[in-house]
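Visitor: Following this message is one structure expressed as structure tokens.
The values are calculated or read from the model by the stated rules, or taken from the named source; none is laboratory data. Everything numeric here is computed off the predicted structure, so don't read it as measured data. When we count neighbours, we look across all protein chains shown, and the Cβ atoms used for this are built from the backbone with ideal geometry, even at glycine. Remember, those area values only see protein heavy atoms, side chains included, never the ligands or the DNA or RNA. Shrake-Rupley method; radii C 1.70, N 1.55, O 1.52, S 1.80 Å.
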There are 4 protein chains.
Amino acid sequence: MNLENKFPGKDISPDDILTKFPLAAKKSLNHKTKFMVAGVEFGGDTIPVFAGPNMVESQDLIIDIAKNVKASGAHFLRGGAFKPLTFPYRSPKYNETREQGLAWLADAKREVGIPIITEVMEEKYIDAVAEVSDILQIGTRNMQNFPFLTACARTGKPIMLKRHYGASLRDWLGAAEYILIEGNEKLILCERGISTPHTHRSTSRFLLDLQVIPAAQEITHLPVVVDPSHATFWRPWVAPMALAGIASGADGVMLEVHPDPQNAAVDPLQPIDYAEFQNLMKKMDNVAKASYSRNVLK
Amino acid sequence: MNLENKFPGKDISPDDILTKFPLAAKKSLNHKTKFMVAGVEFGGDTIPVFAGPNMVESQDLIIDIAKNVKASGAHFLRGGAFKPLTFPYRSPKYNETREQGLAWLADAKREVGIPIITEVMEEKYIDAVAEVSDILQIGTRNMQNFPFLTACARTGKPIMLKRHYGASLRDWLGAAEYILIEGNEKLILCERGISTPHTHRSTSRFLLDLQVIPAAQEITHLPVVVDPSHATFWRPWVAPMALAGIASGADGVMLEVHPDPQNAAVDPLQPIDYAEFQNLMKKMDNVAKASYSRNVLK
Amino acid sequence: MNLENKFPGKDISPDDILTKFPLAAKKSLNHKTKFMVAGVEFGGDTIPVFAGPNMVESQDLIIDIAKNVKASGAHFLRGGAFKPLTFPYRSPKYNETREQGLAWLADAKREVGIPIITEVMEEKYIDAVAEVSDILQIGTRNMQNFPFLTACARTGKPIMLKRHYGASLRDWLGAAEYILIEGNEKLILCERGISTPHTHRSTSRFLLDLQVIPAAQEITHLPVVVDPSHATFWRPWVAPMALAGIASGADGVMLEVHPDPQNAAVDPLQPIDYAEFQNLMKKMDNVAKASYSRNVLK
Amino acid sequence: MNLENKFPGKDISPDDILTKFPLAAKKSLNHKTKFMVAGVEFGGDTIPVFAGPNMVESQDLIIDIAKNVKASGAHFLRGGAFKPLTFPYRSPKYNETREQGLAWLADAKREVGIPIITEVMEEKYIDAVAEVSDILQIGTRNMQNFPFLTACARTGKPIMLKRHYGASLRDWLGAAEYILIEGNEKLILCERGISTPHTHRSTSRFLLDLQVIPAAQEITHLPVVVDPSHATFWRPWVAPMALAGIASGADGVMLEVHPDPQNAAVDPLQPIDYAEFQNLMKKMDNVAKASYSRNVLK
């Protein structure tokens, strides 16, 4: 049937590349976008690391974390102020954050001198987040919230677009195209785990898809980052998957770091502590040099 | 490790039912919500059918389809005016629709006397859609757009919440809870196909998950509908999967119907034509009677 | 790249049908294989039902079950004598079965007068199983054990080939072709649940794929059966999924039935009891008539 | 319901580790099996590499490949003589191989002095393969062919057990236990790609699951190897995924190498050529040192 040939399935066909995401697609084999955010280069020789807690729990804590991750070489402080939750019942701890969490991030930025990345979850908070955060992080559940993508893109701020845990690479690049078409070219993609039949532990939910790193980089010129903390949901697997992310060619790594992981306010099974982070930064730097002559620590 | 027991994985544990979606959860074994929308009962003996084209292509066509599906016993006219698209490049045909498509749906409703369901895709159009559509349809990609769920819920209009193609039943009921918590109890769930490793044909994208029908109905009192057209993406599978949906216990069926499927403006591989729809309505009625002493045709 | 066009992915392309499974493929639109096994027709108007326990626990029990399922209209007694287990540690109950279980099945067949289906698990037992069982059942884990498929096919006995829980329809029809190429045309396919990211309950493992029924029947002339007991692993979902299987067009249904499900020797969460089976047989018959003018009860 | 607690789902629960695979499970945190095969240590400081063609095409070719991969530092020559195929229709090239291919592998071993790994596909060939091959490779489709696992184990030869593309880690370790229970402790696990909803390119079939490396190593003391060639099915992704495999902690890497990949007799999209292999060996060695103070090149 002739009609059928016009409708590809869920993976990317050669024809897709030209017609579905012409802006996201590479123009030539070695086409790679480079841009600066708050003095940090993306797509270049140094691989930026985003580190910090899942949730901005208190002013003291976020400042302490900011100092520590900066001292170990992190390029950005990450921390959740506005957090989308699968269920509408949140502990009181969540209610304290949002605007307050954003203010604490601003305090950490000013006091410690480290750029910020935090998630923006809805249109009405875009301006507030854009004022503090150097990058607007769009979470997995908003990946195909197209009007929201457009609104974020129009701020002109750098954007990190996380892949939905059920989205194909084709879907993801389609979402990226919605941002690029607004003329916003400071776009970072972030793989954070997908739903598969197998996650190995009864508590885990996702599988970090590292095959998507070379797959995406074959097609797009945009930097692609990995987040092994959310993907694995399990502390002992974070370091090996971070190193594997670097070795697969990732252009950045996002990590959850907390001084007392077992007592983190949310998701205490996944953060690593300061000592493990410091050690991991050195190893990631070694692996970056060994595999691609890039670096993590300048 | 003790902490681990507090973090269930991706499927539903008994504890989840009480703590994550207390409003969506059944209060007793036979608890089932019933409500009326535009004179049509949900959760009762008659199983409503939503039929119409993927896209509202023209005034004449939508009126013709409305007349035909009504004559065959459909309870609602479905048709896309605002359509979320994976890629930002839409054919001119798409640009004609949106407000115009909505107006044509209103024309069909008035002229033919059939209630309407259509998707609302972004907050700024909620009022316009709510004025014409008897049910606000929330699409797969917006399932976890929580501020949008809240905004739709607050209109007080009946809502159909489609499952995201990558969402677990746990995620889906969590999203439902965001609507129920606003006091809006006229909520319909709709299964429309999930991403799995296998879709059988190279052109197909999704798998209609009928196991989720008894699974959802074991836990929730909300009506659960199936959409075999989007799930299968393939005309010859639509009728068997619609019948199977009824036999699995679904509380409604959504179908794409077009007078000339091969020339439908979008997704021409999936609609059925008038004759097949009329025949399928009779068969669905027979199966509903045979399996659950319910009916489709009153 | 030209080479790429020669290598389709995991789903079926039109070219596959002609070159990969010419014997399994339909020769014309309505091509459907019919054959008789022990007086029961496959592919015809009556939809055969296979019912019985997961494991042949004792002589008395299997005879009691045989009488009861026959009285309710079952066409075959199913029961496991040789059982493949994920782990090598089996309870003493498993060790009692195997040859002994096979002998008890033979007793039930003789005493009650009902044909038998049971799994054959390894080559050295093919003759012993073939002597008692009217159909050689090949389990999910052996679906791509090609030398074993060939050995079973060469007995000339009717064969039921269960789909592997990780196999595509393409893989499954490829395995069927290994049997057909030996000249054995009495081949029944059986869908018994696949691995997907979502199984809804924390105890469940598989998802019954009903979309594969019309998908397989579009391509192959072989009868296709469903097994909702193993797929759902959960009693309350068995009846709705059995009815849905019939409505999707399945050519047979396999069910676990036990007089005291909670005390079944293996997998006590999935069998239905005699009363539920009797009731389900009537409903399946009703649905078969309503949907395809076929029947379950003659 | 109490019964339900006894039946875990598809992932590994803490209780599983003790009861389902006591022999495969680690006895202590740092428990790691080490053993020698043909002078090569597994589980130690050096990470063995298995390299060679998908199919043993000719005597000349396999000897040429053996010389080249040995010169670049490969520890084992891999090559398919007996090959399980999804469909029974094989090109004449396949028929030439089998016993002949095995003899050519023996020639390469003798002439070049490199140990051999090749797949054994059915019981009747175990002795013939065991005579030539230093390791018996059990393919993905035979992972749960339990009588075959037992038969291979009883030869006392070292075994590589590939994960089925639809198997959970729980299934895989269960299969490993069938081998260990026979007293054969020279067992290597190999991850070679799983079925997921997303494989990125329309020609690809599998996704290399690197998260399973730390997951398996957290539970089992057995060495775990990765095969990025079969998983990705796409040459440009092989090197990054091989490096990522090393960085994730893998205890070995299996690679397809062919002097003229585009003209390889089977699967020409996946092998790398001699020059790329030589370069990759050096990079893998660098990454092994950088991440775990291990090495690939001694």
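Visitor: Considering only protein heavy atoms and a probe of 1.4 Å, how much of the accessible area of chain C is carbon and sulfur, as a whole percent?
Guide: Answer for chain C: carbon and sulfur cover 48 percent of the accessible area.
Visitor: What are the ³J(HN,Hα) values, in whole Hz, obtained from phi via the Karplus relation 6.51 cos²θ - 1.76 cosθ + 1.60 with θ = phi - 60°, for each residue of the range A:55-69 in sequence order, with x given for Gly and Pro?
Guide: 10, 6, 7, 7, 4, 4, 5, 5, 5, 4, 5, 4, 4, 5, 5
Visitor: Please compute, for peptide A:218-225, the average count of beta-carbon atoms on other protein chains lying within 10 Å of each residue's beta-carbon. Present the calculation step by step, with values, prior to reporting the outcome.
Guide: Working: counts 6, 2, 0, 0, 0, 0, 0, 0.
Mean shielding by partner chains, rounded to a whole number: 1.
Visitor: With everything on Cα atoms, drop me the angle between helix A:274-292 and the longest principal axis of chain A, reported from 0 to 90° to the nearest 10.
Guide: The two axes meet at around 30 degrees.
Visitor: Counting C-alpha atoms alone, how compact is the range B:97-214: give Rg to one decimal and Dmax as a whole number, in angstrom.
Guide: For the range B:97-214, the Cα-based Rg and Dmax read 15.4, 45 Å.
Visitor: Can you give the extra length, in nm with one decimal, that the chain gains between A:His31 and A:Ala128 once fully stretched, where that is 0.36 nm per residue apart less the Cα-Cα distance?
Guide: Working: separation 97, 0.36 × 97 = 34.92 nm, distance 3.42 nm.
Using 0.36 nm per residue and subtracting the Cα-Cα distance, I get 31.5 nm.
Visitor: Which angle between 0 and 90 degrees, to the nearest 10, do you get for helix B:169-180 versus the longest principal axis of chain B when only C-alpha atoms count?
Guide: Computed tilt is about 80 degrees.
Visitor: Can you list the lysines whose alpha carbon is less than 22 Å from that of C:Lys289, not counting same-chain residues fewer than 8 positions off?
Guide: List returned: B:Lys282, B:Lys283, B:Lys289, B:Lys298, C:Lys32, C:Lys34, C:Lys70, C:Lys298.
Visitor: What residues from the range D:47-81 fall in the zone where the backbone N is under 16 Å from a label point 7 Å along the Cα-to-C-beta line of D:Glu111?
Guide: The answer is D:53, D:56-71, D:77-79, whose backbone nitrogens lie closer than 16 Å to the label point.
Visitor: Considering Cα pairs under 8 angstrom that are at least six residues apart, work out the relative contact order of chain C and quote it in whole percent. Present the calculation step by step, with values, prior to reporting the outcome.
Guide: On the way: 585 pairs, mean separation 58.3, N = 298.
Computed over chain C, the figure is 20 percent.
Visitor: For the pairing of chain C with chain D, what total accessible surface becomes buried, with a 1.4 angstrom probe, in square angstrom to the nearest 100?
Guide: Details: alone 13340 and 13330 Å², together 22200 Å².
Interface between C and D: roughly 4500 Å².
Visitor: Assign one of three labels to the range C:28-115, namely rounded, prolate or oblate, based on the Cα gyration tensor with a ≥ b ≥ c the square roots of its eigenvalues; rounded applies when a/c is under 1.5, prolate when it is not and a/b is larger than b/c, and oblate otherwise. Display every interim value, and only then the final one.
Guide: Details: a/c = 2.88, a/b = 1.63, b/c = 1.77.
Cα axes put the range C:28-115 in the oblate bin.
Visitor: Percent antiparallel among DSSP beta bridges with both residues in the protein assembly as shown, to the nearest 5?
Guide: Of all bridge pairs located within the protein assembly as shown, approximately 15 percent are antiparallel.
Visitor: Ok, one more. Could you name the aspartates and glutamates whose alpha carbon sits less than 15 Å from that of C:Lys124, not counting residues in the same chain fewer than 8 places away?
Guide: Those aspartates and glutamates meeting the cut-off are C:Glu99, D:Glu122, D:Glu123.
Visitor: Now for a separate question. Sticking to Cα atoms, compute the Rg of chain A to one decimal and its Dmax as the biggest Cα-Cα distance, whole number, in Å.
Guide: 18.4, 65
Visitor: Roughly speaking, what is the centre-to-centre gap between the range C:222-264 and the range B:235-261 when only Cα atoms are used, to the nearest Å?
Guide: Cα centroid to Cα centroid, the span is 22 Å.
Visitor: Could you tell me the ratio Rg/Rh of the range D:11-79? Both radii from Cα atoms, Rh via Kirkwood.
Guide: Reported Rg/Rh, Kirkwood definition of Rh: 1.20.
Visitor: Running a GNM on chain A with Cα contacts under 10 Å, which residue among A:Ala242, A:Ala81, A:Ala275 ends up with the highest mean-square fluctuation?
Guide: Top of the fluctuation ranking is A:Ala275.
Visitor: Would you mind calculating the relative contact order of the range C:34-158 from Cα pairs under 8 angstrom and at least 6 residues apart, reporting the percent as a whole number? All intermediate terms of the calculation are to be shown ahead of the outcome.
Guide: Working: 187 pairs, mean separation 27.7, N = 125.
Once divided by the residue count of the range C:34-158, the mean separation gives 22 percent.
Visitor: So, one more: Can you give me the long-range amide H partners of D:Val266? Hydrogens built in the peptide plane at 1.01 Å from N, cutoff under 5 Å, separation of 5 or more residues or another chain.
Guide: Under 5 Å from the amide H of D:Val266: D:Met55.
Visitor: When the gyration tensor of the protein assembly as shown is built from Cα positions, what are the square roots of 5 times its three eigenvalues, in whole Å, from largest to smallest?
Guide: Details: eigenvalues 357, 351, 152 Å².
Semi-axes from the Cα gyration tensor: 42, 42, 28 Å.
Visitor: Further question: Amide H of D:Ile194 versus every other amide H placed in the peptide plane: which residues, excluding those fewer than 5 positions away on the same chain, fall under 5 Å?
Guide: Sorted by chain and number, the residues that satisfy this are D:Leu207, D:Leu208, D:Asp209.
Visitor: Hey, which aspartates and glutamates would be in cross-link range of A:Lys162, C-alpha to C-alpha under 12 Å, not counting anything within fewer than 8 residues on its own chain?
Guide: A:Glu119, A:Asp171, A:Glu191, A:Asp227
Visitor: Roll a 1.4 Å probe over the protein heavy atoms and report the accessible area of A:Val37 in Å², nearest 10.
Guide: Rounded to the nearest 10, that gives 10 Å².
Visitor: Hey, another quick one. Mind checking the angle between helix C:235-247 and chain C's longest principal axis? C-alpha axes, 0 to 90 degrees, to the nearest 10.
Guide: Roughly 50 degrees between the two axes.
Visitor: Show the residues, 5+ positions off or on another chain, whose built amide H is closer than 5 Å to the amide H of C:Thr203.
Guide: Placed amide hydrogens put nothing under 5 Å from C:Thr203.
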